[in-house]
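In what follows, a structure is listed as structure tokens, so that the remarks can point back to it.
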Amino acid sequence: MTTKQISVFLENKPGSLAAFCKVLEKHNIDMRAMCLADAMDFGILRIIVDDTFTTMTTLKDEGYVCQITKVLTIEIEDKPGALVGLLTALGDENVNLEYSYAFLSRKADKAYMILKLDNMAKAKEVLLKLGTRIVCQDEMEQIFGD
Amino acid sequence: MGNYFSPERETASLEQIRAWQTEGLIKAVNKVWNNVPYYRRKMEMAGVTPDDIKGLNDLKKLPFLTKDDLREAYPYGLMAEPLEKCVRIQSTSGTTGRRVVAFYTQNDVDLWEECCARALVAAGATKDDVVHVAYGYGLFTGGAGLHGGSHRLGSMTLPMSSGNTDRQIQFMTDLGSTILCCTPSYAAYLAESIHERGLIDKIRLKAGIFGAEAWTEEMRHDIEQALHIKAYDIYGLTEISGPGVAFECQAQAGMHINEDYFIVEVIDPKTGEVLPEGAKGELVFTSFSKEAFPLLRYRTKDICILSREKCSCGRTFVRMSKPLGRSDDMLIIKGVNVFPSQIETVLLNNGYAANYQIIVDRQKHSDSIEVLVEMTPEMFSDEMSEIKAREKKLVGDLKSMLGIYAVVRLVEPKSIVRSEGKAVRVIDKRNLYKG
């Protein structure tokens, strides 16, 4: 019920994200979602791609340091306040949100959130109790299918 | 221009100097042969016995001693006197983190302090001066050396140690310091701080003795202008005693080596062959007068030129140029010896690959060191706080290994410049050895 996210080490300097994207382009890799977190001199790029395995192999060959992290992808209504209920529930159960980012699909009135939480098992339990849809890796293609 | 601390020695004839050295060398060789198994073994391996050393011309028959020997013999292996006779140790960093420890008897301390007193007098100090010692105190020889020299001379000694610039300046103005002893970069920093506070008119300094790191003539000029003083260089190394092995006189044209205590040679660092006077090569010292820790033919790795031309100060001791470079990869940063291998050790100890580059710079006469470390899968994490914690641990480990603060910058794999496939380990932007 989790999604595989690829985290990549990038230096915080002009052109470094461009160079990375060029690698993806060269290998015809499609990014579904991305988020860049920065420290002073470096950043962690977090991406969801269409083919995680091939992308990992490719990035390692190209000399990037990267790893797979399991995250939760949830589907929410694309409307104001949609996040309040579930975030409150997570907070009430003392589950901490480490980071999160959002993406939209091509169709529907849905929005999607990637969540990294300190207690993934507990989080799943809370979310399922609320009736939140958790999108697993295989279902990703449906979201992006035309 | 006759200001000497020991005039009869500092202006002795060359014949007299040679006589002291010959007598001292023969005595020292016999002493280490009898008292130091490590030396005896080294001499036996080189096929030399004390009987082969009859004079200075035979010096070249003795094997060289290097920092590796000091490390191997650590801590007591090179001592030529029983520990009970020793009164002091001083220490300096060595390669791969093992420190070099030097032992002193009371006579050794006296000898060292005399060398420093000579340096002070050569810089114009008298017993009426206030000597402000802002070298670090402790294991480092800078503080202890000039402190002792000032005592010997009978000057008022201010044992300031390094750091706390406000207090340095306050004592300087309140107590009227006249001679400043510290690293040249700290002198430049003090000068700047004094001007910032508008206190230059309250400063009574007339001269400074600045050593423990390389500095250029341009830097000398800047410091002299800013502090209205004469700035003198001083040379030394813990292994041989400490600062004061050689010192500048008022001619400011090279440093006189205290030849009544130390024999100096210049060798080709590749072949070990002794070079003729005036040739550029590595300095090798024989500290024949030292009791506890006499070193025979110790390779300094400092590249220099010697000159026996007559000096206007009247001293007859040979002069050495400022070091023109190193024959190994040692860096001197903020007066502290740094070997790239120490950084490598820290990385390996942390379980990381040793892909690094050291960038040394000097801004406003102050050194900085930045260590670029290529990111590895072991160091990487999806969590920023994890990476930050690992980075912080590296900074801490480097601090305790090197003794100075180094900035760590994590960079992408394979991003460190490689030259013919080999990573360039050191980029020194300071340009120190241009003279």
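The values are calculated or read from the model by the stated rules, or taken from the named source; none is laboratory data. As the structure is a prediction and not an experimental result, all values here were calculated from the model. Neighbour counts are summed over all protein chains in view; Cβ atoms, including those assigned to glycine, are modelled from backbone coordinates with ideal geometry. SASA here: full protein model, heavy atoms, side chains in, ligands and nucleic acids out. Shrake-Rupley method; radii C 1.70, N 1.55, O 1.52, S 1.80 Å.
Extending 7 Å from the Cα toward the beta-carbon at both residue B:18 and residue A:108 defines two label points whose distance is 9.9 nm.
With a Förster radius of 56 Å, plug the Cβ-Cβ distance of residue B:193 and residue A:133 into 1/(1 + (r/R0)^6) and report the FRET value to the nearest 0.05.
Values: r = 64 Å, r/R0 = 1.15.
The computed FRET efficiency comes out at 0.30.
Whole-Hz Karplus values for region B:375-382 come out as 4, 10, x, 5, 8, 7, 8, 6 Hz, taken residue by residue from phi with 6.51 cos²θ - 1.76 cosθ + 1.60 and θ = phi - 60°; glycine and proline positions read x. Based on protein heavy atoms only, the protein assembly as shown ends up with 43 Å² per residue of surface accessible to a 1.4 Å probe.
Sorted largest first by accessible area at a 1.4 angstrom probe radius, with every protein chain in place, the residues B:189, B:261, B:356 fall in the order B:189, B:261, B:356.
Which percent of the Cα-Cα distances in region A:71-144 go past 14 Å? Percentage above 14 Å: 59.
Percent relative contact order of chain B, based on C-alpha pairs within less than 8 angstrom and at least six residues apart?
Values: 888 pairs, mean separation 64.5, N = 435.
Normalised by residue count, the contact order of chain B is 15 percent.
For the residues of B:410-417, the average number of beta carbons from a partner chain within 10 Å of their own beta carbon is 5. A Förster radius of 51 Å, combined with the Cβ-Cβ distance separating residue B:361 from residue B:11, puts the computed FRET efficiency at roughly 0.75.
In terms of its Cα atoms, region B:333-434 spans 46, 33, 22 Å along the principal axes, sorted from long to short.
Going highest first, how would you order B:320-331, A:77-88, B:151-162 by mean Cβ packing within 10 Å? Intermediate results must be reported in sequence, preceding the final value.
Working: B:320-331: 17.7, A:77-88: 11.9, B:151-162: 19.4.
So the order, starting with the most tightly packed, is B:151-162, B:320-331, A:77-88.
Amide H contacts for residue B:291 (H built 1.01 Å from N in the peptide plane; partners 5 or more residues away or on another chain; cut-off under 5 Å): B:105, B:108. By the Cβ distance rule of under 4.7 Å, chain B has these cysteines without a partner: B:86, B:115, B:116, B:181, B:182, B:304, B:311. Distant-in-sequence amide contacts of residue B:337, defined by a placed amide H-H separation under 5 Å and a gap of 5 or more residues or a different chain, comprise B:93.
The 1.4 Å probe gives accessible areas that order B:112, B:33, largest first, as B:33, B:112.
Computed from backbone phi, the HN-Hα couplings of region B:10-26 come to 5, 10, 4, 6, 4, 4, 5, 4, 4, 5, 4, 5, 4, 4, x, 4, 4 Hz, rounded to whole numbers (Karplus: 6.51 cos²θ - 1.76 cosθ + 1.60, θ = phi - 60°; Gly and Pro given as x). For residue A:25 and residue B:418, the FRET efficiency from 1/(1 + (r/R0)^6), where r spans their Cβ atoms and R0 equals 30 Å, is about 0.70. Which of the residue pairs B:67/B:290; B:60/B:85; A:13/B:364; B:54/B:310; B:206/B:290 have a Cα-Cα distance greater than 22 Å in the structure shown? Result: B:60/B:85; A:13/B:364; B:54/B:310; B:206/B:290 exceed 22 Å. Its relative contact order, with pairs defined as Cα atoms under 8 Å and 6+ residues apart, puts region A:3-69 at 47 percent. With the convex hull drawn over the C-alpha atoms of region B:127-219, the volume per residue is 91 Å³.
Remark: region B:423-432, residue by residue, has Karplus-estimated 3J(HN,Hα) of 5, 7, 7, 10, 10, 9, 8, 6, 6, 7 Hz, where x stands for each Gly or Pro and the curve is 6.51 cos²θ - 1.76 cosθ + 1.60 at θ = phi - 60°.
The Cα-based radius of gyration of the protein assembly as shown, divided by its Kirkwood radius, gives an Rg/Rh of 1.14.
Averaged over peptide B:383-395, how many Cβ atoms belonging to another chain are found within 10 Å of each residue's Cβ?
On the way: counts 7, 8, 2, 0, 4, 2, 0, 0, 4, 0, 0, 0, 0.
Mean inter-chain Cβ contacts per residue within 10 Å come to 2.
Packing, as the average of other Cβ atoms within 10 Å across residues, places the peptides B:130-136, B:407-413, B:168-174 in the order B:130-136, B:407-413, B:168-174, highest first. Apolar share of the accessible surface for the protein assembly as shown: 51 percent from carbon plus sulfur atoms, 1.4 Å probe. The lysine pair tally for region A:71-144, using Cα distances under 23 Å and a gap of 8 or more places or different chains, is 9.
As a test of reading the structure, rank B:20, B:215 by solvent-accessible area (1.4 Å probe, protein chains only), most first. Display every interim value, and only then the final one.
Details: B:20 55, B:215 5 Å².
So the residues, ranked largest to smallest area, are B:20, B:215.
For region B:7-328, the percent of C-alpha pairs falling in each 10 Å distance bin, counted from 0 to the bin holding the largest distance, reads 6, 27, 34, 22, 8, 2, 0.
Taking every DSSP helix (H) stretch of at least 4 residues in the protein assembly as shown, weighting each as -39,500 (n - 2.57) and dividing the sum by the residue count yields a mean residue ellipticity at 222 nm of -9500 deg cm²/dmol.
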